[in-house]
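Readers should treat all values here as calculations from the given coordinates under stated rules, not as data from a laboratory. Everything quoted here is computed from the prediction, not taken from an experiment. Quick reminder, even Gly has a Cβ in these numbers, built from the backbone with ideal geometry, and neighbours come from all protein chains shown.
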Amino acid sequence: MSSSHISFATLAAKTIVAHSITYVFMGVLASWALDYRHQFAEPQTATAMRQFDDPMIIAGPLLQPIRGLIFALTFYPLQECFFQRRYGWLILAWTLIALGVLATFGPDSGSLEGLVYTTIPIRKQLSGWLEVIPQAVMLSGLLYYWVSRPQKRWLTWSLAVIFLLLNALLLMGLFVKA
């Protein structure tokens with residue numbers, strides 16, 4: 001673990017890359033395992049979710065750097081708590097899960113508000129946790145490891161290449177779809 005603070009630009013870049021990679025990985029895995037194509041087409045869901053042939057489904061992951069930047073703006077002032085403690089990644093994961101999944105301000109599916117105020121069946125709401133909770137944990141673990149070990153240049157290069165390849169593939173898919 002490094003005792004020095006990381007610059008905002010470095011933390012933002014690492015957060016954007018780590019979030020985007022874990023988002024796409026868990027999104028693809030959950031889409032396959034939870035059969036999102038079928039679920040999104042069900043009458044109760046079809047009115048709220050875009051269908052798999054909608055170009056925005058492919059464009060969505062390309063917009064994740066914006067969310068990564070928002071995360072970085074949150075993580076930066078809390079970097080000592082998240083990145084300079086032995087189990088900081090667990091604190092980060094719990095923070096993401098608590099605020100981003102369970103205790104959202106609106107009735108998002110799977111949140112406490114969603115469970116109370118929406119008509120979406122509880123089982124369907126909780127199945128979403130199979131995607132978002134592991135992604136929060138993976139993002140936290142990967143980002144913690146990367147930030148706290150800046151000397152691991154191979155990791156920076158590897159993740160940068162994966163990020164660029166994923167985005168190139170998504171852009172190609174978007175242009176093919178258009």
**Report entry** Label-point separation, Arg85 to Leu164 (7 Å along Cα→Cβ), nm
**Finding:** 3.6
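Eigenvalues of the Cα gyration tensor times 5, then square-rooted: what semi-axes does that give for the range 102-161, in whole angstrom, largest first? Each step should come with its number before you reach the end.
On the way: eigenvalues 249, 24, 12 Å².
Calculated on Cα positions only, the semi-axes equal 35, 11, 8 Å.
Report the gain in length on full extension from Leu78 to Asp53: 0.36 nm times residue separation, minus Cα-Cα distance, nm rounded to one decimal. Please report the intermediate quantities before stating the final value.
Working: separation 25, 0.36 × 25 = 9.00 nm, distance 3.98 nm.
5.0 nm is the gain from fully extending Leu78 to Asp53.
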Requested in this report: Give a residue-ordered list of calculated ³J(HN,Hα) values for the range 55-70 (Karplus: 6.51 cos²θ - 1.76 cosθ + 1.60, θ = phi - 60°; whole Hz; x for Gly, Pro).
Outcome: x, 5, 5, 7, 5, x, x, 5, 8, 5, x, 5, 5, x, 5, 4
Requested in this report: Taking the Cα centre of the range 8-177 as origin, sum charge times position over the Cβ atoms of Lys and Arg (+1) and Asp and Glu (-1), and report the length of that vector in debye to the nearest 20.
Outcome: 600
Query raised in the report: Cα atoms only, the range 8-177: Rg and Dmax in Å?
Result: 16.9, 51
Report summary line: In terms of the charge dipole of the chain, which places +1 on Lys and Arg and -1 on Asp and Glu at the beta carbon, the residue among Leu166, Leu34, Ser109 farthest towards the positive end is Leu166
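Show me the ranking of peptides 71-77, 38-44 by mean Cβ neighbours inside 10 Å, starting with the highest.
On the way: 71-77: 17.4, 38-44: 12.1.
Highest to lowest by the protection proxy: 71-77, 38-44.
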Query raised in the report: For the range 145-164 and the range 1-55, what is the separation of their Cα centres, given in Å?
Result: 20
Report task. Would you mind telling me which residue in Ala59, Ala48, Ala13 has the biggest mean-square fluctuation in a Gaussian network model of the chain, where springs connect alpha carbons within a distance under 10 angstrom? Result -> Ala48
**Report entry** Candidates Val116, Val17, Val147, ranked by Gaussian network fluctuation over the chain, Cα under 10 Å, top entry
**Finding:** Val116
Query - Label-point gap, in nm, between Gln125 and Met172 - each point 7 angstrom along Cα→Cβ - result: 4.1
Query raised in the report: Of the residues Gln79, Gln151, Gln64, which exhibits the maximal mean-square fluctuation in a Gaussian network model of the chain defined by a 10 Å Cα contact cut-off?
Result: Gln151
Report task. Report the relative contact order of the chain, percent, no decimals, based on alpha-carbon pairs under 8 angstrom and at least 6 residues apart. Result -> 32
Query raised in the report: Once the piece of chain linking Leu29 and Glu113 is laid out straight, how much longer is it, given 0.36 nm per residue of separation minus the C-alpha distance between them?
Result: 27.6 nm
